[in-house]
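Before any comments, here is the structure.
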Amino acid sequence: MWYLYIAQCGDGSFYTGITTALKRRLRQHNAGRGSAYVRSKGSATLVYTEAWPNQSAARRREIEIKAWGRQKKLALIRGERIAEYNELVKLGK
């Protein structure tokens with residue numbers, strides 16, 4: 001099983017990645033052995049996860065989410081339905 005995850009960094013920014021072991025990856029980030037981005041932003045807190053059957057599917061989802069802006073990522077984290085979020089953005093709300 002592969003997992004897509006979003007971690008909130010110490011400065012409030014978000015980092016999106018994939019892994020097969022969420023706990024281990026979060027420990028790596030917080031020990032300074034994860035990504036250079038998280039290392040430069042401070043500690044990481046896991047705020048969102050999705051399970052995927054394989055690396056390819058998880059990577060596609062990671063690429064999709066990395067292209068989103070902060071507000072859309074926050075909507076996902078809060079559990080809002082993204083289709084509804086997209087419609088509100090189109091309406092300018």
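What the table shows:
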| item | result |
| --- | --- |
| Restricting the range 24-48 to residues that are open to solvent by 60 Å² or more (accessible area, probe 1.4 Å) and in contact with a Leu (Cβ under 9 Å, 6 or more places away or on another chain), the residue that is nearest to residue 60 (Cα to Cα) | 46 |
| Count of the range 1-23 residues which are more than 14 Å from residue 51 (Cβ to Cβ), in contact (Cβ under 8 Å) with a residue 40 or more places away in the chain and open to solvent by 40 Å² or more (accessible area, probe 1.4 Å) | 0 |
| Residue 17 vs. criteria in a loop (DSSP other than H, G, I, E, B), closer than 23 Å to residue 74 by Cα and either of a type outside the set (S, T, N, Q) or in contact with a strand residue (DSSP E or B) (Cβ under 6 Å, 6 or more places away or on another chain) (or both) | no |
| Those residues of the range 50-66 which are more than 11 Å from residue 1 (Cβ to Cβ) and either open to solvent by 70 Å² or more (accessible area, probe 1.4 Å) or outside any helix (DSSP H, G or I) (or both), in sequence order | 59, 60, 63, 64, 66 |
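The values are calculated or read from the model by the stated rules, or taken from the named source; none is laboratory data. None of these values were measured; they are calculated from a predicted model. Glycine also receives a Cβ, built like all others from the backbone with ideal geometry; neighbour counts cover every protein chain displayed. Protein only, heavy atoms only, side chains kept; ligands, DNA and RNA dropped before computing areas. Shrake-Rupley method; radii C 1.70, N 1.55, O 1.52, S 1.80 Å.
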